[in-house]
Amino acid sequence: MPVAEPEAYLAVASRFENIELVQAVVEDLLRRLELGEDDRHWIGLAVREAVANAIKHGNGSDPSKQVEVEVRVDDGAVEVAVRDEGQGFDPATVADPLAPENLLRPGGRGIFYMRSLMDNVEYRFGAGGGTEVVLRKRIKAASAPRGEEETRT
Amino acid sequence: MNIRQRQVGDVTVLDVTGKITIGVGDVAIRDAVQVALGGGARDILLNLQGVTTIDSAGVGELVSAYTSVAHRGGKLKLVGLPPKVNDILQITQLITVFEVYDDEASAVASFK
């Protein structure tokens, strides 16, 4: 796994409205990488899911707990790490949302979204608590973000 | 996120625009469907033409709306799926659950 310096680091309180903030930052960074609208949308959506899970399941929607987001860019890939202060869980116990008996369940699709939209999704659990999910997606533009003149649309 | 309710014959149409996402849009869908059902609606058509983003919570609300309408003996159908919403319904295989129409006239006629 790459250890590029983060292009962006954010820490937000566990409120759903902060998902918008994270998505805006991530998508702006991806725009500077010259990613197309579709790629920006799908990566942004996967990050939304990771942050939503961190807020809801990890931090129990307690605004005094933070969600940290780190975006790294390395050779041909973008990597987004999302950390919460929760107790962790076993991803293997999450039910398959495509199983016929689960298809009409209202919840349980967040991790599936991430796995469908990204190339790799990895969970790491800290010894002292906290869950980190690392989302990785190969991108065509393999360069560091361009200058600010590229940020306008 | 904005939802407007209108009536086309016996069908209640909900025009949804913006993001159907956790914390705001998902709740708005639930409330709008409950209000429509409470007002006597039986068949509901969700027009998703103006939807830009739908996350897993939003998809979950579509499923909940579908089942609550069905439990009351009505039907909930979808019209005007933008490509990205269509992609999500394909990925989640919910495209096999919902009846989806390209245009409103066909969708409304299908309830009869």
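Every read-out reported here was derived from the displayed coordinates using simple, explicitly stated rules and does not represent laboratory data. Treat the numbers as computed from the prediction; the structure is a model and nothing was measured. Reconstructed Cβ throughout: ideal geometry from the backbone, glycine too, with neighbour counts over all protein chains shown.
Applying the selection to the range A:42-73, what residues are charged (D, E, K, R) and within 11 Å of the chain's Cα centre (by Cα)?
A:48, A:49, A:68, A:70
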Look through B:101, B:66 and report the one residue that is crowded, with 22+ Cβ neighbours inside 10 Å and of a type in the set (Ser, Thr, Tyr).
B:66
Filter the range A:40-52 for residues that are in contact (Cβ under 8 Å) with a residue 40 or more places away in the chain and more than 9 Å from chain B (Cβ to nearest Cβ); which is nearest to residue A:116 (Cα to Cα)?
A:46
Of residues in the range A:31-45 being in a helix (DSSP H, G or I) and touching a strand residue (DSSP E or B) at 6+ places or on another chain (Cβ under 7 Å), the one nearest to residue B:52 (Cα to Cα):
A:45
Kindly indicate whether any position in the range A:73-92 is part of a helix (DSSP H, G or I), surrounded by 14 or more Cβ atoms within 10 Å (Cβ to Cβ) and not hydrophobic (A, V, I, L, M, F, W, C).
yes
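Residue under question is residue B:60, and the condition is that it be within 14 Å of chain A (Cβ to nearest Cβ), surrounded by 16 or more Cβ atoms within 10 Å (Cβ to Cβ), closer than 30 Å to residue A:44 by Cα and among the small types (Gly, Ala, Ser); does it hold? Write out each step before concluding.
Numbers: within 14 Å of chain A (Cβ to nearest Cβ): yes; surrounded by 16 or more Cβ atoms within 10 Å (Cβ to Cβ): yes; closer than 30 Å to residue A:44 by Cα: yes; among the small types (Gly, Ala, Ser): yes.
Judged against the criteria, residue B:60 is a match.
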Of the residues in the range B:76-96 that are surrounded by fewer than 16 Cβ atoms within 10 Å (Cβ to Cβ) and outside any helix (DSSP H, G or I), the one that is nearest to the other protein chains (Cβ to nearest Cβ) is B:93
